[in-house]
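Note sheet for the following structure.
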Amino acid sequence: PSKWLANLVKDSFLGAYPIKVINNGIDLAAFRPTKSDFRKTFNLEDKFIILGVANVWNAKKGFDYFIELSKRISLNTVIVLVGLTLKQMEKLPKNIIGIRNTRNVQELAKIYSAADVFVNPTLEEVMGTTNIEALACGIPVITFDAGGCSENLNDQCGIVVEKENMGALYKAIETIYNNGKSLYMHHCIKRAKLYKKEDRFNEY
């Protein structure tokens, strides 16, 4: 599903066989800019929202980087993390809102759409499907250069940051904050179309 993984395969005994990259596809009918009352429900109408989404939050997914970010962000900024356990939610600082894992795609699209930037400080990722889901909902993405994540983005729809570089991560967030979400929205949606599931399935 990514050039990064293909290069690893080429270095293995499977390198003797034909190797083709076919990206994972997403449902663009479900992941698209979606209006909701998410901001009103959580009293975030005047806040800059930094979003993180994962099935399981651990050190490898970058949970600790969000805790560190929470110490640096301004009063008008809040972090929203989707996919946390109850135990993780109990220990969150006040400027991080925790949400349990949702399997409702429409609900997830509403959360993506309400955010200003999607941050993915993962340390290991084959492709970064959540990056693409965020792009499809019209929000810019900041991701560590880990695995295949950097392949999702270009300069018009997000920022790739050196892996584990906390200073560069914070600076990238400041850049998106200063530019505004609207500058990136069109380019994000256009980029996500490269991962339309029907087109990717046809490649098989």
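The values are calculated or read from the model by the stated rules, or taken from the named source; none is laboratory data. This structure is a prediction, so every number in the text was calculated from the model and none was measured. All Cβ positions, glycine included, derive from the backbone under ideal geometry; neighbour counts span all protein chains shown. SASA here: full protein model, heavy atoms, side chains in, ligands and nucleic acids out. Shrake-Rupley method; radii C 1.70, N 1.55, O 1.52, S 1.80 Å.
Annotation: extensible slack from D46 through K94 equals 15.6 nm (criterion: 0.36 nm per residue apart, minus Cα-Cα distance). Heavy-atom accessible surface of R191, to the nearest 10 Å², is about 50 Å², with a 1.4 Å probe and all protein chains retained. Could you tell me which of V160, G180, S150 has its Cα farthest along the dipole of segment 121-182 towards the positive end, charges placed at Cβ (Lys, Arg +1; Asp, Glu -1), taken about the Cα centre? Comparing the listed Cα positions along the dipole, G180 ranks first. Less than 5 angstrom separates the built amide H of I159 from those of V141, I142, T143, all sequence-distant by 5 or more or on a different chain. Rounded to whole numbers, the Karplus 3J(HN,Hα) couplings from phi for segment 65-80 are 5, 5, 4, 5, 4, 4, 7, 10, 6, 7, 5, 8, 10, 9, 9, 10 Hz, using 6.51 cos²θ - 1.76 cosθ + 1.60 with θ = phi - 60°, and x at Gly and Pro. Leaving out ligands, DNA and RNA, and with a 1.4 Å probe, what % of the accessible surface on the chain is carbon or sulfur? Answer for the chain: carbon and sulfur cover 51 percent of the accessible area.
Across segment 149-168, the residues whose backbone nitrogen lies under 13 Å from the label position 7 Å along the beta-carbon direction of V21 are 149-154.
Between S182 and D145, take the C-beta separation as r, use R0 = 45 Å, and let me know the FRET efficiency to the nearest 0.05. E between S182 and D145, to the nearest 0.05, is 0.95.
The relative contact order of the chain, computed from alpha carbon pairs under 8 Å that lie at least 6 residues apart in sequence, is 25 percent.
Mind listing P(r) for segment 1-78? All alpha-carbon pairs, 10 Å bins, whole percents. The calculated distribution, bin by bin, is 13, 24, 30, 20, 10, 3.
Dividing the helix sum by the residues of the chain, where each DSSP H run of 4 or more adds -39500 (n - 2.57), gives a mean residue ellipticity at 222 nm of -10000 deg cm²/dmol.
Taking the Cα centre of segment 56-204 as the origin, how large is its charge dipole in debye, to the nearest 20, when only Lys and Arg (+1) and Asp and Glu (-1) carry charge on their Cβ atoms? List each step's numbers first, then the result.
Working: 19 positive and 17 negative charges, 99 e Å.
Dipole size: approximately 480 debye.
The residues packed around S70, meaning those with a beta-carbon under 13 Å from its beta-carbon, carry a net charge of +2 if Lys and Arg are +1 and Asp and Glu are -1. Principal axis extents of the C-alpha atoms in the chain (largest first, rounded to whole Å): 55, 33, 32. Extension gain, F13 to R200, is 64.7 nm, computed as 0.36 nm per intervening residue step minus the present C-alpha separation. Using the empirical formula 2.2 N^0.38 Å as the baseline, the Cα radius of gyration of segment 69-154 reaches a ratio of 1.11. Using 1/(1 + (r/R0)^6) with R0 = 25 angstrom and r between the beta carbons of M166 and L86, what's the FRET efficiency to the nearest 0.05? Computed FRET efficiency for M166 and L86 comes out at 0.35.
Partnerless cysteines in the chain, where a partner means another cysteine C-beta under 4.7 angstrom, comprise C137, C149. Think of a 1.4 Å ball rolled over the protein heavy atoms: the chain then has 53 Å² of accessible area per residue.
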